[in-house]
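So the structure is just underneath, and the comments pick up after that.
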Amino acid sequence: MSRTWYHPKTGARTILDGTRLRGLREGMGMSLPDVARETRCSVASLSVWENEGACPSAESIAALRAFYGVALEESGALTVLDA
C-alpha cells in the first residue's frame, strides 16, 4: 500500500510505499540504525516512513536518493512528481 502527500505551495506529490522502502533496506541486509547512520536521518524518522506515518522532507528525500540510488524510485518505494 502507498500514501500520497501533496505540497500545498508547489502542488508536488510525494508517493511513498513503506513496505517497499523497508524491502530495499532489508534486501541490503541493513538495520534501521545502519541506514540512519548512512543517511543522517533518525531511526525514528525512518521507521515512521516505513510505516507511512509521515512524508520525508525534501532534504531527507535527497539523502534517501543518495543512499539507495535509482532503486528508490525504480522499486516504487518513493516517487516525487512535480506539479
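The values are calculated or read from the model by the stated rules, or taken from the named source; none is laboratory data. The structure displayed is predicted, hence computed values, not measured ones. Here the Cβ is made from the backbone with ideal geometry for all residues, glycine too, and neighbour counts use every protein chain on show. In case anyone asks, the SASA skips ligands and DNA or RNA and just uses the protein heavy atoms, side chains included. Shrake-Rupley method; radii C 1.70, N 1.55, O 1.52, S 1.80 Å.
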What full-extension length gain, to one decimal in nm, is calculated for Ser75 and Glu38 as 0.36 nm per residue of separation minus the Cα-Cα distance?
-> 11.3 nm
DSSP loop (so not H, G, I, E, B), at most 16 other Cβ within 10 Å: list which trypsin sites (Lys or Arg not before Pro) in region 1-61 pass both filters.
-> Lys9, Arg40
The ratio Rg/Rh over the Cα atoms of the chain, Rh being the Kirkwood inverse mean 1/r radius, stands at 0.94
Within the accessible area of region 1-56 (1.4 Å probe), percent carbon and sulfur | 50
Treating the beta-carbon of each Lys and Arg as +1 and of each Asp and Glu as -1, no other charges, what is the dipole magnitude of the chain about its Cα centre, to the nearest 20 debye?
-> 160
